[in-house]
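For reference, the structure discussed in these notes is given below.
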Amino acid sequence: MMIRRVPAVRRTPFVMESNLTRLFDEMFSDFHRIGTDVFPSFGQTDVYEKDQSLLFETELPGVKKDEIAIKVEDDKLIISGEVKRNEQIDRESYFRMGRRYGQFQRSFPLPVDLIQKDQIKAKFEDGILTITAPMKESIVEQAKPFEIAVE
C-alpha cells in the first residue's frame, strides 16, 4: 500500500469569511435580475431603443396570440401567458418531453415617466412578440446631442 503526503492547506478565518461571502453572493446574484420570473429561459427578450421608442422583442414559440396577456403595473411591463401541451397525444406515448408547457411570466422595469403609456402597441408575428413603447417628445429632445461652447 502506498501512502502519499499531501501538503496541509492553512486557512485563516478571513479566507473562510471570503468564501462564505462569495457563496452568498453567487446564491443571491439572480435575485434582482431584470426580466426573470417563471420559466426564466422561456420568452427570451431583447430590449432596445429605436426610432424614439423603447422596443421589447420576446420569443414565444408555440404560444397562440390569444394566450398572451400584456399589462403595465407598478412601473413594470408584464408579459404572461400559457403554452398548452397537445392533448391529443397521451403522456405515455412520449419517448421524450423536451418542451416546456404551462404558464409563463416575464416582467421588465418600465420607465413610465419617460414613455407615452397610451401609445404602447404590441404585435405578434412568427412566434415573436414585439412591444413598442414610444418615448415622450420632451425626453427625445433632451436626449439629442448638443455642443457646448468653450469660453
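Each value in this text was obtained by applying a stated rule to the coordinates, not by laboratory testing. What you see is a predicted model, and the numbers here were worked out from it, not measured in a lab. Glycine also receives a Cβ, built like all others from the backbone with ideal geometry; neighbour counts cover every protein chain displayed.
For the reader, a short list of remarks on this structure follows.
- Debye log10 I(q)/I(0) at q = 0.11 Å⁻¹ for the stretch 34-143, Cα point scatterers: -0.41
- Note on Gln116 and Lys65: the extension gain reaches 16.0 nm, defined as 0.36 nm multiplied by sequence separation minus the Cα-Cα distance.
- Each Lys and Arg Cβ is given +1 and each Asp and Glu Cβ -1; about its Cα centre, the stretch 34-143 then shows a dipole of about 440 debye.
- Under 19 Å from the Cα of Lys117 - lysines, other chains or at least 8 residues apart: Lys50, Lys71, Lys76, Lys136
- Contour minus Cα-Cα distance for Lys123 and Ser93 (0.36 nm per residue): 7.2 nm
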